[in-house]
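FYI, it's all coordinate maths here, none of it is from the lab. Just so we're clear, the structure is a prediction, and the values are computed from it rather than from any experiment. All Cβ positions, glycine included, derive from the backbone under ideal geometry; neighbour counts span all protein chains shown.
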Amino acid sequence: MRTILIPTDFSPNAMHAIQYAMDLFKCERTKFYLLNAYAEDVYGPYKKNNGVALERLKISVKKKVDIALDELKEKLIEKEHNPKHSYKVVSAFESLVDAVNDSVNQINADLVIMGTQGQSADKKITFGSHTVQVFKYVQCPVLAIPENFEYQPPKKIVFPTDYMLPYKRRELKLLNTLAADFKSEIHCLYISDFDNLSHRQIDNRRFLKEELSRASLFFETTPVKNKARAILEYISQNGMHILVMVNARHSFMEDMLYRSTVDEIGLHPKIPFLVMQNLPR
């Protein structure tokens, strides 16, 4: 059974991500955990009220969140009628990142699925500030769904890589299973002016072949330029359905997420963005 964690702030974008998750796993036995982290909903009003009655406010917000989560759960059950799917709800008096990380560990989640914008979205941030924080710090694969993306089966997946990372089997297994379920192509995109690979790169590419054995693999090379632009051009020209990248120390993914002006990178994918974590779990 697949275990999927979906953070929600009950916004339309969060609902859109939930719908995508149910469509993606409609033929697979899946347990969905619907999570709301409500610490900000308490501390924001608390500061405005000069710190009066924190505990009373905390109880009040939790009660509203629990009611909203139960209503959402019942709405999904009534709407979908999918016997392969089950739902659990979780409310947490924590920040979003802490709540997601704790829940991932407690339920041993295979994947986090979330929207790229929320109720307090900052349009200047490429993926929405909350999504970026989850990308950076949560030790679990995260699939972000653009707010205007209409579901399509992920038949074509682009995976930019420099073949320098020793990837984790668990994360590649998720990608391999996804590709097998949808008979997908995975396009490994190497951004370089040279075709020759080092021994380390050759070993890592061989490992990719072994771990992604159930996918149709394509190894592509594109000349060096702005990396984000190269990826977006490849997505547009080849009709990709999902972008996959790996978050690890000293990687392009890390450089992109840790820069202070993320919007200047220009990486605004119009397709779902799967970030795999090359971190210990």
Notebook entry, point to check: Rounded, prolate or oblate: which one fits the stretch 141-229, using the alpha carbon gyration tensor with axes a ≥ b ≥ c (rounded when a/c is under 1.5, else prolate when a/b beats b/c, else oblate)?
Noted result: oblate
Next item on the list: Scan around residue 190 for amide H atoms under 5 Å from its own, H built in the peptide plane at 1.01 Å from N, and keep only partners 5 or more places away or cross-chain.
Entry: 161, 220, 221, 222
Next item on the list: Quick one: what are the phi-derived ³J(HN,Hα) couplings along the stretch 73-89, Karplus 6.51/-1.76/1.60 with θ = phi - 60°, whole Hz, x for glycine and proline?
Entry: 4, 5, 4, 5, 4, 5, 6, 8, 6, 9, x, 7, 10, 9, 9, 10, 10
Check: Where the centre of each part is set by its Cα atoms, how far does the stretch 213-229 sit from the stretch 98-113, in angstrom?
Finding: 30 Å
Next item on the list: Kindly state, to the nearest 0.05, the FRET efficiency for residue 177 paired with residue 106, given R0 = 22 Å and r defined as their beta-carbon distance.
Entry: 0.45
Check: Between residue 222 and residue 88, what FRET efficiency comes out of the Förster formula 1/(1 + (r/R0)^6) with R0 = 51 Å and r the beta carbon distance, rounded to 0.05?
Finding: 0.75
Margin query: For the pairs 156/209; 31/156; 75/183; 79/136; 31/155, flag any whose C-alpha to C-alpha distance is greater than 22 Å.
Written below: 31/156; 75/183; 79/136; 31/155
